[in-house]
Each structure stands twice: as C-alpha cells, then as structure tokens.
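Trainee: Next up is a structure, given as structure tokens.
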C-alpha cells in the first residue's frame, strides 16, 4: 500500500480552491488535483507492507508532536521552476509547528526503515500536475493559467488551526484516511 502523512484542509480553504478551479481548469489540460485529495503532505512514506501497518501507526502515535498551530494558504508557485513546471501549488505559510511536525514524522519513519527525504521540507498544496508527456506536447500552453493567476486580486485561500495530522493511503489516485493523530 502507498502511504503518506499530511494535514487535511478545512472546508473553507478547500472551497476557496474549488472556486478557483472553476476558472483555471478550462485554461489548461493538466491533471488537476480532485478537491477531495487536497492536503498538505508532511511525509511521503511510499510503498509499505500491509502486514506492518500497525507498526507504522504505533510509531506515529508515539512520536513527539507540537502543540496545535496556525497555517495560512496564500500564494502560488511552480515546482521545480515556473519555466519548467511539473506542479502548480498553493503556498503554505506556517510557524515552526509545521516544520517540527514534519521533522518528527521524518524521524519516526526513518526509524522504521523509510528513506529520508533528499530535499528540505517545503509545505504546499498541490493543485495540478503536469505530466512529462504534456510538457513535451507543443500544444500545452500554461500562459493562460499564469496570466489568470497574475491578475487575481487576492491569492489568500484562508487560514486554519492544525489540531491533528493524518495517515493517508493512496489507491487508484484516491486518498483515504487510515488514522488521525491529535497534536
């Protein structure tokens, strides 16, 4: 099973993104993240044997957790760069609590044999993925998306207080919550 940990978005934040999608989706034929899958990843775990799921859940239950903290979703970005985009994302701004949660989750997973991240943690909400085949397709034009975003009067999707994180399973591009961990 394919697993990751993350933060769910509040209804308000998710709804604000859904409203933006109504304007953005017709502008580019890319893989838009379904609203039900929108989240902030704290640790990508990857493939994990189902028979060891209880071990993983226990490690997440037992790790040190920060106190609840605020998060704001505001702004846009492109991974790896705007000139060679593979992902469009909404930026996440958070105090040290989110970085502490990501670091604690990373340490708990490394102790269970999960590979360490090769890049620094950069919280975000993935809005769209641009597959390699689409990038090579000369007909894919992201300029209308970039222009629309540049003309928005506000890029603030909202704020929320994080009181827990979740263990998610990814099956057939649909995410389901396996367990919730209070802070």
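Trainee: Rounded, prolate or oblate: which fits the range 1-124, taking a ≥ b ≥ c as square roots of the Cα gyration tensor eigenvalues, rounded meaning a/c under 1.5, else prolate when a/b beats b/c?
Mentor: The shape class here is prolate.
Trainee: Could you please rank 53, 174, 88, 7, placing first whichever residue has the fewest other Cβ atoms within 10 Å of its Cβ? Walk me through the numbers before you get to the answer.
Mentor: Working: 53 16, 174 10, 88 26, 7 22.
The fewest-first ordering by Cβ neighbours comes to 174, 53, 7, 88.
Trainee: Still on this structure, please answer the following. Which residue fluctuates the most in the chain, going by a Gaussian network model with Cα springs under 10 Å, if the choices are 56, 142, 19?
Mentor: 19
Trainee: Given points 7 Å out from each Cα along the Cα-Cβ axis, report the residue 51 to residue 32 separation in nanometres with one decimal.
Mentor: Placing both labels 7 Å along Cα→Cβ, they lie 4.3 nm apart.
Trainee: Just want the ordering: 11, 175, from fewest to most Cβ atoms lying within 10 Å of their own Cβ.
Mentor: Fewest-to-most Cβ neighbours within 10 Å comes out as 11, 175.
Trainee: Related question: Could you work out the relative contact order of the range 2-182? I mean the mean sequence separation of Cα pairs under 8 Å and 6+ apart, divided by the number of residues, in percent.
Mentor: So the answer I get is 34 percent.
Trainee: Take the Cα atoms of the range 43-183, find their three principal axes, and give me the spread along each one in whole Å, biggest first.
Mentor: So the three principal-axis extents are 47, 33, 26 Å.
Trainee: Still on this structure, please answer the following. Ranking 83, 124 by Cβ neighbours within 10 Å, fewest first, what do you get? Could the numbers behind the result be given before it?
Mentor: Working: 83 6, 124 18.
Ranking 83, 124 by Cβ neighbours within 10 Å, fewest first, gives 83, 124.
Trainee: Say a paramagnetic label sat at a point 7 Å from the Cα of residue 2, along Cα to Cβ; which residues of the range 147-183 have their backbone N under 13 Å from it?
Mentor: 169-176
Trainee: Relative to the compact globular guide of 2.2 N^0.38 Å, what is the alpha carbon radius of gyration of the range 1-57, as a ratio?
Mentor: That works out to 1.48 for the range 1-57.
Every number in this text was worked out from the coordinates using simple rules, so none of it is lab data. Everything numeric here is computed off the predicted structure, so don't read it as measured data. Backbone-built Cβ (ideal geometry, glycine too); neighbour counts: all protein chains shown.
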